[in-house]
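Following: one structure in structure tokens, then a few remarks.
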Amino acid sequence: MDQCPTCRAPYRERNVCYRCQTDWREVLGVERAAVRYRQQALVALQSRRFHTAYDYARRACKLHRCSESIMVLALASLGLRKFDDALALWKEYRERVGVKSCNATSVLLLTFTE
Ligand SMILES: [Zn+2]
């Protein structure tokens with residue numbers, strides 16, 4: 001979490017937003033759950049269990065749609081040969097991180113989908 005989901009104040013390592021008093025503990029708990037799902041998706045990807053990876057990556061994105069989870073979902077989509085989905089996710093990833101930050105994984109995705 002970079003900022004408060006309620007008032008967009010910069011995140012500081014506290015339990016409550018200094019500006020609007022939103023309790024951040026639940027938000028942080030949801031983000032941690034998303035990270036766990038993403039990690040499970042990566043483990044599944046490494047053993048080519050693409051359906052499992054896709055399910056976990058989707059759960060991660062539903063909880064917290066961050067660039068890392070989007071990329072994992074794109075890779076799982078690629079594994080399932082859902083090329084249109086993979087391309088759309090890769091474009092979303094690229095918009096979030098910027099073209100300069102795109103790594104070899106993005107090039108790989110582009111090669112397969114365009
Ligand atoms: Zn706030």
Residue list for the range 1-42, restricted to those being in contact with a helix residue (DSSP H, G or I) (Cβ under 7 Å, 6 or more places away or on another chain) and near the ligand (Cβ under 9 Å from one of its atoms): Pro5
Residue tally, condition outside any helix (DSSP H, G or I) and crowded, with 17+ Cβ neighbours inside 10 Å, over the range 41-81: 2
Pairs where the first residue, in the range 61-87, is acidic (Asp, Glu) and the second is surrounded by 18 or more Cβ atoms within 10 Å (Cβ to Cβ), C-beta under 6 Å, 6+ apart: Asp85/Ser77
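A short reminder: the numbers here are calculations on the coordinates, not readings from a lab. Not measured: the values here are computed from a predicted model. As a convention, Cβ positions derive from the backbone with ideal geometry for all residues, glycine included, and neighbour counts pool all protein chains shown.
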